[in-house]
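Following: one structure in structure tokens, then a few remarks.
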Amino acid sequence: MAPEVAPIRAGEEIDVRALAEYLRGKVEGAVRDVRVEQFPGGHSNLTYLVRAGDHEYVLRRPPLGPVAPKAHDMAREFRVLEAVHPVFPPAPRVYLLCEDPAVIGATFFLMERRQGAVLRRDMPAEFARDSAFPRKASEGFIDCLSQLHSIDVARQPLAGLGRPEGFLERQVRGWTERWLRAKTEEIQGMDSLIAWLSDRLPASARPALVHNDFKLDNIMLDPRNPARVEAVLDWEMATVGDPLVDLGCTLCYWTQAGDPEMRGGSLSGITAMPGWYTRAELVRRYAEKAGRDVSGLGYYEVFGLFKLGVILQQIYFRYIRGQTRDERFSDFHLRVRGLMRAAVELAERLG
């Protein structure tokens, strides 16, 4: 199993002395020695473990180099978590927001550290021995999403997190604009795919709190009870809007046996192993738990594939421009091609 934390990657160092000086008197434990390590997972924002005396915190900051407009807004993510944590316990508690880039070079915030298992590319040995683990984890995962979508978003301060009216139209337009800014090659069928998404906008479902990046490696499972989600991470894109956008994007990450190689961006093949729910099983359980009509979900799955392709394309764009040196991103253009091909093919089948 990959280490949970690791030495900081070259070029992503933090000025620990400046951080310690800033934190002193603001969070518990910071009067003593402050040490920093990095969480090696993730492909976007940078996440660090901060040890301050006997206390541990998670620090989140944007990636290095120029980023897409309105993306990686740490101040907004802090305020989202501040609003969501009291009504949705899997959202970590936040402690401190720093908007002064002079401290570590960017806006950052500190949140609580949760302990649990995050599944990425490989199944940890302790779970592989439990034949019931895939089913329990599948159920815990999708039940957590239905729980999120059941929260009353009319209550303050949740109502201020987004604008449900016109949400889906803005999503399609915004991700299309991001694609046009970041594309590095022409991909067959993209113009017709973008037109399909614009022309077939469905009427949106009852508004809900939308995480906008709900996937297996953004949740932390309780190792003693994998049907329980200990934490949901990465709230940067959370808003109030159409919950089927969440479910459609979740299906794009959830691979299953027989999928093309690059479906899901090849981020993880764990869910294609025996015992895990299929996408159809996830949808049925979600519909049952959330009490929502999912008959028009095909559109949202196409949009999810497109959106995921754009996200990876933005990362690849930063890589080829030298704005990040992380070699994990060197083949992302191949993943983008696979995702966009899957989106085009699904749109054609739906008509």
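Summary of values
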{"quantity": "Single residue of Leu201, Leu180 found to be not in a loop (DSSP other than H, G, I, E, B) and not small (Gly, Ala, Ser)", "calculated": "Leu180"}
{"quantity": "Residue check, Thr255 crowded, with 22+ Cβ neighbours inside 10 Å and of a type in the set (S, T, N, Q)", "calculated": "yes"}
{"quantity": "Single unsatisfied condition, Glu77 versus (1) surrounded by fewer than 17 Cβ atoms within 10 Å (Cβ to Cβ); (2) not in a loop (DSSP other than H, G, I, E, B)", "calculated": "(1)"}
{"quantity": "Test: residue in the stretch 313-327 that is surrounded by fewer than 19 Cβ atoms within 10 Å (Cβ to Cβ), under 15 Å from Glu185 (Cα atoms) and in the same structural domain as Arg200 (by TED's automatic domain parsing)", "calculated": "yes"}
{"quantity": "All positions within the stretch 8-58 that are on the phi < 0 side of the Ramachandran plot, small (Gly, Ala, Ser) and without any contact (Cβ under 8 Å) to a residue 60 or more places away in the chain", "calculated": "Ala20, Ala30, Ala52"}
{"quantity": "Arg32 among the basic types (Lys, Arg) and modelled with pLDDT under 90", "calculated": "yes"}
{"quantity": "Test: residue in the stretch 31-45 that is crowded, with 20+ Cβ neighbours inside 10 Å, within 20 Å of the chain's Cα centre (by Cα) and not small (Gly, Ala, Ser)", "calculated": "no"}
{"quantity": "Members of the stretch 150-177 found to be among the charged types (D, E, K, R), more than 30 Å from Tyr319 (Cβ to Cβ) and assigned to a helix (DSSP H, G or I), listed by number", "calculated": "Glu169"}
{"quantity": "Residue under evaluation Asp100, criteria (1) at pLDDT below 95; (2) of a type outside the set (Lys, Arg); (3) under 25 Å from Ile8 (Cα atoms), criterion not met", "calculated": "(1)"}
{"quantity": "The lone exception for Pro63 - which of (1) buried (at least 18 other Cβ atoms within 10 Å of the Cβ); (2) under 25 Å from Val232 (Cα atoms); (3) modelled with pLDDT of 90 or more it fails", "calculated": "(3)"}
{"quantity": "Search result, residues across the stretch 103-114 that are surrounded by fewer than 19 Cβ atoms within 10 Å (Cβ to Cβ), at pLDDT 95 or above and under 15 Å from Pro62 (Cβ atoms)", "calculated": "Val103"}
{"quantity": "For Ile320: the one exception among (1) more than 21 Å from Cys144 (Cα to Cα); (2) touching a residue at least 40 places away in the same chain (Cβ under 8 Å); (3) touching a helix residue (DSSP H, G or I) at 6+ places or on another chain (Cβ under 7 Å)", "calculated": "(3)"}
{"quantity": "In the stretch 264-280, residue modelled with the lowest pLDDT [restricted to those that are in contact with a Ser or Thr (Cβ under 6 Å, 6 or more places away or on another chain) and surrounded by 19 or more Cβ atoms within 10 Å (Cβ to Cβ)]", "calculated": "Gly264"}
{"quantity": "Complete set of residues in the stretch 154-177 that are modelled with pLDDT of 95 or more and in contact with a helix residue (DSSP H, G or I) (Cβ under 6 Å, 6 or more places away or on another chain)", "calculated": "Val172, Trp175, Thr176"}
{"quantity": "Per-region count, the stretch 280-310, residues touching a residue at least 12 places away in the same chain (Cβ under 8 Å) and assigned to a helix (DSSP H, G or I)", "calculated": "21"}
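Residue-by-condition table, conditions (1) in contact with a Pro (Cβ under 8 Å, 6 or more places away or on another chain); (2) more than 22 Å from Arg61 (Cβ to Cβ); (3) not β-branched (Val, Ile, Thr); (4) not assigned by TED's automatic domain parsing to the domain that holds Arg76:
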{"site": "His211", "(1), (2), (3), (4)": "no, no, yes, yes"}
{"site": "Lys215", "(1), (2), (3), (4)": "no, no, yes, yes"}
{"site": "Asn218", "(1), (2), (3), (4)": "no, no, yes, yes"}
{"site": "Pro223", "(1), (2), (3), (4)": "no, yes, yes, yes"}
{"site": "Arg228", "(1), (2), (3), (4)": "no, yes, yes, yes"}
{"site": "Val240", "(1), (2), (3), (4)": "yes, yes, no, yes"}
{"site": "Glu261", "(1), (2), (3), (4)": "no, yes, yes, yes"}
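The values are calculated or read from the model by the stated rules, or taken from the named source; none is laboratory data. Computed from a predicted structure; not experimentally measured. Using ideal geometry, Cβ is built from the backbone for each residue, glycine included, and neighbour counts are taken over all protein chains shown.
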